[in-house]
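Okay, so here's the structure we're looking at.
The values are calculated or read from the model by the stated rules, or taken from the named source; none is laboratory data. Note that the structure is predicted; figures quoted are calculated from it, not measured. Glycine gets a Cβ as well: all are built from the backbone with ideal geometry, and neighbour counts include every protein chain shown. When the accessible area is computed, the model is the full protein with side chains, heavy atoms only, and any ligands, DNA or RNA have been set aside. Shrake-Rupley method; radii C 1.70, N 1.55, O 1.52, S 1.80 Å.
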Amino acid sequence: MAKKDKIKVNKNSCGCPIDNILDDESDNNDNDDYDRLCRARDNDMEFFVEPDPEKVSLDFYQRRLTDGLPIIPPTREKVNRFFNYTEHHPGDVLGVLPPKMGQATTKKIAINAVMAGCLPPYQPVVENIIKAISLEKFNLAGINATTHPVSICTIINGPLSDVLGMNSGTGCLGPGNIANASIGRAIRLCLINIAGAIPGVGDHATHGSPAKYSFCFAENEEDNPWEALHVERGHNPNDSTVTVIAAEAPHNVNDHRSKSAEELLDTIIHTASTAGCNNSHVPGELLVVLSPEHAITINKDGWSKKDVQTYIHENSSIPAILSDRGGRKLDEELITDGNVHITRSPRDVILVVAGGPGRHTMISHGFGSGSQSVTLKIDTTKS
């Protein structure tokens, strides 16, 4: 935001602060004129017209500030509403995002959340996702720089997912839910506009992935026969958390006939054990999203969550001759009886329950050993 003595208004703008709001100079709200309607004019007693969304979207697109889809114009009024749902000041830096090493302030996060179509109560969720992906062990620099089509998958657990109306059931990985869609999209816009992960510039994925638009859902804890993901990771059931995982777009596992846990898990294992995934030559995390019906089939045989994770880990392997075709030379220490496990331990099998009726499971291969998932508690004291 330009200071009063440095006001610059685009001659093509409508007078609202669209062109100035991304400016870095005024992230703090301690300026005397912070609450003014618009800094493009000195007089608040003027009429201001809501900017034309189509015009603004095209302008932002031409400046490479969008994901290609229309955006909501991030007017000061809209952005300010998001500050009511955070404990942070607008200028607080919540993370530094590579490759541009952009400072993700509360204000910049809110701007991108508005653009993505988020509602104000989503702000603490988006903030915590940004905090999580900025941690060193998540390796955002490697995720953005790779030619691999890895995306950022976000799983929400706890009461907040219900408060926000997130979808954990039928169609939870697809369109139709504003929270799922816009929160995931807000992260991508933050990566573009703060991290500089523009396709072909800071994001070098050979093909990209539809999951890079949005990959966010809630776990179906009500239909989960085992402990939820956040509880498994040491949080209380009543805590609300975000979990971020570097993951490929999900792939379906169709099994309508298996009647036992072992039969069903063998189908999942066969689908996951594919040459060409990053896990094949650098074992790492594997996301397994069981439908409630598949979870019931496994649970009725008396299998615990740890039993499932152990079985998947021990039996998901690829012949070494096929594993040694990835981007990194295969470490011979990974070879056991001529095969390579696609996970390093049962803990690498990230097992959640989500979705509606139907005997399907979704799997997403991870980024091999190049990233470690992160789970953070969401502070909901103000939300």
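So that you can scan it fast, the table gives a plain yes or no per residue for (1) farther than 28 Å from N238 by Cα; (2) open to solvent by less than 20 Å² (accessible area, probe 1.4 Å):
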residue	(1), (2)
G338	yes, no
R344	yes, no
I350	no, yes
I363	no, yes
V374	no, yes
D379	no, no
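Out of N278, N252, which single residue is crowded, with 21+ Cβ neighbours inside 10 Å, out of contact with any Ser or Thr (no Cβ under 6 Å at 6 or more places or on another chain), within 30 Å of I321 (Cα to Cα) and touching a residue at least 40 places away in the same chain (Cβ under 8 Å)?
So the residue among N278, N252 that is crowded, with 21+ Cβ neighbours inside 10 Å, out of contact with any Ser or Thr (no Cβ under 6 Å at 6 or more places or on another chain), within 30 Å of I321 (Cα to Cα) and touching a residue at least 40 places away in the same chain (Cβ under 8 Å) is N278.
Only one entry of E136, E127 meets the criterion of being in contact with a strand residue (DSSP E or B) (Cβ under 6 Å, 6 or more places away or on another chain) and either among the acidic types (D, E) or open to solvent by less than 10 Å² (accessible area, probe 1.4 Å) (or both), and that entry is E127.
A295 meets each of the listed conditions (1) part of a helix (DSSP H, G or I); (2) at pLDDT below 95; (3) of a type in the set (G, A, S) apart from (2).
Within the stretch 72-87, residues that are without any contact (Cβ under 8 Å) to a residue 12 or more places away in the chain reach no partner that is aromatic (F, W, Y) and open to solvent by less than 10 Å² (accessible area, probe 1.4 Å) with beta carbons closer than 9 Å at six or more positions or on different chains. Name every residue in the stretch 162-172 that is surrounded by fewer than 24 Cβ atoms within 10 Å (Cβ to Cβ) and touching a strand residue (DSSP E or B) at 6+ places or on another chain (Cβ under 6 Å), in order of residue number. M166, C172 - these are the residues of the stretch 162-172 that are surrounded by fewer than 24 Cβ atoms within 10 Å (Cβ to Cβ) and touching a strand residue (DSSP E or B) at 6+ places or on another chain (Cβ under 6 Å).
Quick check, is A181 surrounded by 24 or more Cβ atoms within 10 Å (Cβ to Cβ) and modelled with pLDDT of 95 or more? No, not satisfied. Exactly one residue among P99, P175 is without any contact (Cβ under 8 Å) to a residue 24 or more places away in the chain and either closer than 24 Å to A247 by Cβ or open to solvent by 50 Å² or more (accessible area, probe 1.4 Å) (or both), and that residue is P175.
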